[in-house]
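Take a look at the structure set out below.
What follows draws every value from the coordinates through simple rules; no lab data is involved. Treat the numbers as computed from the prediction; the structure is a model and nothing was measured. No Cβ is skipped: glycine too gets one built from the backbone with ideal geometry, and neighbour counts run over all protein chains shown.
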Amino acid sequence: VKVDREKIKIIFPNPILFDTGSAKLKLDALWILGELASKLKELPENEVIVEGHTDNIPFKLGGKISSNWELSLYRALSIVHYFTEVEEINPERFIPIGYGEYRPLFPNDTPEHRAQNRRIEISIIRKTEL
């Protein structure tokens with residue numbers, strides 16, 4: 001969790017929310033997102049940005065997802081759908097973004113660095129007193 005004047009950012013490293021190559025939320029992740037949803041409901045005026053990030057290893061699983069960029073966006077959308085459809089939070093509050101491999105935290109030069117680049121970042125934008 002990172003806090004500054006503009007936002008509260010929660011970073012979920014992979015594989016907490018998703019299995020490798022999947023955009024389907026893990027069952028174990030639902031309680032985590034449920035806890036976060038209860039806090040989001042206490043802040044009804046705050047926008048929420050959900051960012052998906054991957055490493056630079058080419059995506060190979062096929063199906064409807066054909067690239068890391070798409071995988072990152074589908075993951076962000078899965079989280080937004082959970083918040084809006086399951087938790088019934090106003091969809092107007094959410095901004096899903098898929099960055100794929102294009103905003104790494106570290107160079108994709110080691111397995112450890114690639115693992116740290118695979119993540120979901122959820123930012124609660126400060127508009128009301130938190």
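Pairs meeting the criteria (first residue in the range 93-113 and closer than 27 Å to VAL48 by Cα, second residue β-branched (Val, Ile, Thr) and not in a strand (DSSP E or B), beta carbons under 6 Å, at least 6 apart or on different chains) are PHE94/VAL80; PRO96/VAL80; GLY100/THR54; GLU101/THR54. Residues of the range 66-125 that are part of a loop (DSSP other than H, G, I, E, B), among the acidic types (Asp, Glu) and in contact with a His (Cβ under 9 Å, 6 or more places away or on another chain): GLU101 alone. Out of LYS41, LYS64, one residue alone is touching a residue at least 12 places away in the same chain (Cβ under 8 Å) and out of contact with any helix residue (DSSP H, G or I) (no Cβ under 6 Å at 6 or more places or on another chain). It is LYS41. Looking across the range 99-115 at every residue that is farther than 24 Å from TYR74 by Cβ and of a type in the set (Asp, Glu), the one that is nearest to the chain's Cα centre (by Cα) is identified as GLU112. Entry remark, the range 88-130: residues being touching a Ser or Thr at 6+ places or on another chain (Cβ under 8 Å) and over 17 Å from ASN14 (Cβ atoms) number 3 in total. Scanning the range 5-59 for residues that are buried (at least 18 other Cβ atoms within 10 Å of the Cβ), in a loop (DSSP other than H, G, I, E, B) and under 11 Å from the mean Cα position of the chain (by Cα) yields ASN14, LEU17, ALA23, THR54.
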